[in-house]
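For reference, the structure discussed in these notes is given below.
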Amino acid sequence: MELLAPAGNWDSFMAAMKNGADAVYLGGQQYSARQSAQNFEDKQVQEAVVYAHLRDKKVYVTVNTLTDNGEFAEVLDYLYKLQQIGVDAIIIQDMGLLDAARNVLPDLRLHASTQMTVHNQDGVSLLRDLGIKRIVLARELSLPDITAIAREVAGVELEVFVHGALCYSYSGQCLFSSMIGGRSGNRGRCAQPCRLAYDLYTRNDKNKVKLTDQGRYLLSPADLCLIEYLPELKAAGVSSLKIEGRMKRAEYVAVVTRAYRQALDSLEENPEFRPGPEVKEKLLKIFNRNFSRGHLIPDSDFMSTRRPNNRGVYVGRVVEQNQNMFTQIKLSDTVSIGDGVVVWVGQGQAPAFVIKEMYVDGNRVLEASSGEIIGLQLEGRVFPNDRVFKTHDERLLSEALESIRDEKGSRIPVDAEVSLVLGKPMQIALVDEKGLRVEMQTENPAQLAKGHPLDEEILRAKIGRLGNTPFELRNLSIDGDLNLMIPLSDINEVRRQAADSLMQKILISKQAKSSDAHSYWTQKIDFLGELPIGECLQAPLLSVVVSKMEQVEIALENGADRVYLGMEGLGSHKHLRLAEIRELQSGGGEKIERVVPLLPRIHKPGEPNIFRELADGCFSTLMIANWADLKWGLHRGFRLLTDYSLNIFNNYSLRFLFQQGVSGACLSPELSFDRLQTFTDFSKVELLIHGELILLESQHCMLGGVLGGGREKCLAPCSGNSYYIQDDKGYEFPVETDAHCRFYIFNSRTLCMMPDLPRILALKPASMRIEARRFSDEQLGDTVKLYRQALKELLKGSKPDLGAYQQDLAAVTPSSFTKGHYYRGVL
């Protein structure tokens, strides 16, 4: 299995290289999902590729953000530049960019980012058939899920995260940061709202729920650590093990990479190898929010609700503190001068400090061990029995820095073969570990020595002077007569030539096939070409999303042209039954044609796919919410529509869908009016105009975690009440669960574009959509009726009082309104 390490800057790149990574993933200055990292300029990317390729390692570049129309051609040029540089693969999210790369740069190796939310066999199969060579699977997959995918889909590599921070949401399905602050995770700008504090309230009576055994960081996952499960991952068919951490410091990358390198090397020797507790202890010391097995093997330690940042390792408890805040701490582990320490207090700010002086029995010491009582001067008030944690281990960090600075460990061993024959130039060959060989000869012939003949010591000293190259001399063999001499300047020159030649030969051996400039520009112009220009010539449909079967009739009666029926059991916590659909069918052919099942965003390999079974044979049109259902739906002959969860952000993603045979697509809610103006074809486009948007979908149910006793023994608190979480600014975010106990957070504000309907109508979309998944019957009926009436008047050419309509909507809407991203857009 490949060990893939993160690099947010050059120091982290070197940390990964020198501590055993087989490959590194990094981002450029733009188009990367970690825009807050320092990242790499083009010249640095080229230097990284050269450094890695000389050492038989690889570099993958992340271009894993959504691309808008205005930057699409520029991003394509960037991909071409990266191909010319020689990067080993591009990690990609945007389907339009994927399609462009396949057509314009057919030899460029592509990996599908975890941002594409690939979580089952059909999703893997689709992307493989589109030319993807490796897929970074969703973090939410269990070991049986991964095994099933690897067993059933051949011809593509699978990559999984094994260490580091976890997102609470399925990656690629999160609008949380985007909607509350304009910083889009899909554009590499996530502000991490899941690491903030929230309180849980019941919606019915607005009572704050007391969570005595939990902290306030209800959405903050613990860190992933799978170093003990490498044999299982290998057996499952995983190709690459990925360490998260492009925002982490170089020392973190060094420590974590080395730990996994050593574990993998030991696994090669012993297929049953498990690292000892001291390995995990090191990993805890460098950074942790507690460790969990994530979703691979679900456990009760998945969340870190008490602390969203590095908690360190427990090292002791406070014994006492005097009036001057001189504090006595009894240790349970070693601490040293330079270590960072935090004291967890019951109330107030936790004192955090670096140990500059400490005393044992009145004597100043550099280090103290378990069982000793140390004295420290603090600046904050603490109390007896408060717990003390070490968050910065100076010794461990020093070791990590030493590994990064170690030049010897990064050199490439080469063997030299020298041939000496009187009257002929000296022949020298350099051979690397892979058997690549170069041969050079001196300018002048060998002559009989008059003074100091050549010997092994002289030749080793001269040929071994490889300091300005990546090589170091290992073995030296000499053939011929040593009673000869060659000018030392000749030997130095031939050594330089041989080293340069070997470097070029190694780099050439790593070069993949790439497009020449003429082919690239020709194919680029052809692909970008003239986009289809279209607008809907008929009045747009008014479409409505509901989660309950009984609300289908309400939406239709009040003026909906089309109703999407959510199949995930959101709010009801149960799946639709075939009998319910048969009853709907009995209402008449016209009605059933206006009802479209909306398939779930997620259906994992181990789950019964009853959604397809219910839809198949009962409906002619489906809306799909993940890439996995695209191939299946078209193969089954459905008329397919796509949900906004597919993140359609540019003309080329839209064109790709239509070329596949899709009949309509809901565009990303992160698009502003300015960006929408750059779209050329609205003839099959749907735009959101009203409702509560899903901010995220999570495999982990927070309600079950804090109230229900965990997933396996859940008491189903969601069945007896409805809830919301409230942040420190007072914003209330409704939460729901579905029939698979997946967890959803909705926006605290309701999208309302009633005053802006003329501007939306001017775009001439095919459909305008109301998100009513959580609406009461009354709110649903009134909302649909008001939009129906307003649209009717506008389409007749009247100028209705849209402000009055908005006031009527406000009267039936429990939250205040937002215009989403239509005006502000996203970063």
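Whole-Hz Karplus values for the stretch 258-270 come out as 5, 4, 6, 4, 5, 5, 5, 4, 5, 5, 5, 7, 9 Hz, taken residue by residue from phi with 6.51 cos²θ - 1.76 cosθ + 1.60 and θ = phi - 60°; glycine and proline positions read x. Of the peptides 450-462, 629-641, the order by per-residue mean of other Cβ atoms within 10 Å, starting with the highest, comes out as 629-641, 450-462.
Annotation: amide H of ILE648 within the under-5 Å range of SER668, sequence separation 5 or more or interchain, hydrogens built in the peptide plane. Each part gets one Cα centre, and for the stretch 450-524 versus the stretch 592-640 those centres are 61 Å apart.
When the charge dipole of the stretch 621-758 is built from unit charges on Cβ atoms (+1 for Lys and Arg, -1 for Asp and Glu) and taken about the Cα centre, the candidate among LEU667, ILE745, LEU641 whose Cα reaches farthest toward its positive end is LEU641.
Of all beta bridges DSSP finds with both residues in the chain, what is the antiparallel percent, to the nearest 5? Restricted to the chain, the bridges split so that about 50 percent are antiparallel. Rg and Dmax over the alpha-carbon atoms of the stretch 469-617 stand at 35.3, 105 Å. Taking a 31 Å limit on the Cα-Cα distance, which of the listed pairs LYS206/LYS591; LYS206/LYS390; LYS408/LYS505 fall beyond it? Distance filter (> 31 Å) returns LYS206/LYS591; LYS206/LYS390. Please state the relative contact order of the chain as a whole percent: Cα pairs under 8 Å, 6+ residues apart? Computed value for the chain: 13 percent relative contact order.
Per residue, the chain exposes an accessible area of 41 Å² to a 1.4 Å probe, with every protein chain left in place.
Pop out the carbon and sulfur fraction of the accessible area of the chain as a percent, whole number, probe 1.4 Å. Solvent-exposed carbon and sulfur of the chain make up 47 percent of the total. Descending by average beta-carbon neighbour count within 10 Å, the peptides 319-329, 210-220, 526-536, 659-669 line up as 659-669, 210-220, 319-329, 526-536, the highest first.
With a Cα-only, solvent-free Debye model of the chain, what are the log10 I(q)/I(0) values at q = 0.11 Å⁻¹? Normalising to I(0) and taking log10 leaves -1.28. Annotation: extensible slack from ASP616 through VAL360 equals 84.7 nm (criterion: 0.36 nm per residue apart, minus Cα-Cα distance). Note that the stretch 200-261 carries a Kirkwood radius of 15.6 Å, evaluated over its alpha carbons pair by pair. What you get for the stretch 37-161, charging only the Cβ of Lys and Arg (+1) and of Asp and Glu (-1), is a dipole of about 440 debye around the Cα centre. Loop-located trypsin sites (Lys or Arg not before Pro) across the stretch 333-424 with a Cβ neighbour count of 11 or fewer within 10 Å are LYS356, with loop assigned by DSSP. Electrostatic tally near ILE554: other residues with Cβ closer than 12 Å to its Cβ, Lys and Arg +1, Asp and Glu -1, net -4. The distance linking the stretch 35-100 with the stretch 758-827 is 41 Å (Cα centroid to Cα centroid, whole angstrom).
Counted by Cβ distance under 12 Å from GLY617, the other residues give a net charge of +1, where Lys and Arg count +1 and Asp and Glu count -1. Couplings 3J(HN,Hα) for the stretch 148-162, derived from phi with the Karplus relation 6.51 cos²θ - 1.76 cosθ + 1.60 (θ = phi - 60°), are 5, 5, 5, 6, 9, 10, 9, x, 8, 7, 10, 10, 10, 6, 10 Hz, where x marks Gly and Pro. For the stretch 351-397, a simple Cβ point-charge model (Lys and Arg +1, Asp and Glu -1, everything else neutral) yields a dipole of about 120 debye relative to the Cα centre. Principal semi-axes of the equivalent ellipsoid, √(5λ) from the alpha carbon gyration tensor of the stretch 94-179, are 22, 19, 10 Å from largest down. Annotation: extensible slack from ASN322 through ASP756 equals 149.8 nm (criterion: 0.36 nm per residue apart, minus Cα-Cα distance). Charges on Cβ only, +1 for Lys and Arg, -1 for Asp and Glu, centred on the Cα centroid of the chain; of ILE146, GLY185, VAL61, which one is farthest towards the dipole's positive end? Farthest towards the positive end: GLY185. Expressed to the nearest 5 percent, the antiparallel share of DSSP beta bridges inside the stretch 626-736 is 50 percent. Only Lys, Arg, Asp and Glu carry charge here, each on its Cβ (+1 for the first two, -1 for the last two); on that basis the chain has a dipole of about 1120 debye about its Cα centre. Taking all Cα pairs closer than 8 Å and separated by 6 or more residues, the relative contact order of the stretch 529-627 comes to 23 percent. Between the amide H of LYS58 and those of ALA23, VAL24, distances stay under 5 Å, these residues lying 5 or more places away or on another chain, with hydrogens modeled in the peptide plane. Label point of GLN447 set 7 angstrom out along Cα-Cβ; within the stretch 459-485, amide nitrogens under 20 Å from it belong to 459, 481-485. Annotation note: GluC sites (Glu not before Pro) in the stretch 1-102 located in DSSP loop regions with a Cβ neighbour count of at most 14 within 10 Å are GLU41. In this rough spin-label picture, where each label sits 7 Å from Cα along the Cβ direction, the THR202-ALA810 distance is 3.1 nm. For the stretch 182-187, putting each phi into the Karplus relation 6.51 cos²θ - 1.76 cosθ + 1.60 with θ = phi - 60° gives couplings of x, 9, 8, x, 6, 10 Hz, in residue order, rounded to whole numbers and with x for Gly and Pro. Helix content alone sets the calculated 222 nm mean residue ellipticity of the chain: runs of n ≥ 4 DSSP H residues at -39500 (n - 2.57) each, divided across all residues, give -9000 deg cm²/dmol. Taking the longest Cα principal axis of the chain as reference, the axis of helix 277-286 is set at about 70 degrees. Restricting attention to the stretch 1-158, lysine pairs at least eight places apart or on different chains and with alpha-carbon atoms under 19 angstrom apart total 8.
What separates the Cα centres of the stretch 404-425 and the stretch 686-717 is a distance of 62 Å. Amide H to amide H distances under 5 Å link ILE478 with VAL418, where only residues 5 or more positions off or on other chains count and H is placed in the peptide plane. For the cross-link pairs LYS208/LYS248; LYS631/LYS684; LYS242/LYS631, the ones whose C-alpha atoms lie over 31 Å apart are LYS208/LYS248. As a length-normalised measure over Cα pairs under 8 Å and 6 or more apart, the relative contact order of the stretch 725-781 settles at 18 percent. Of the residues SER572, LEU448, LEU809, the one whose Cα sits farthest toward the positive end of the charge dipole of the chain, with +1 on the Cβ of Lys and Arg and -1 on the Cβ of Asp and Glu, is LEU809.
The values are calculated or read from the model by the stated rules, or taken from the named source; none is laboratory data. Just so it is clear, the structure is predicted and the values come from calculations on it, not from any experiment. For neighbour counting, all protein chains shown are included, and Cβ atoms are generated from backbone atoms with ideal geometry for every residue, glycine included. Side chains included, ligands, DNA and RNA excluded: accessible areas come from the protein's heavy atoms. Shrake-Rupley method; radii C 1.70, N 1.55, O 1.52, S 1.80 Å.
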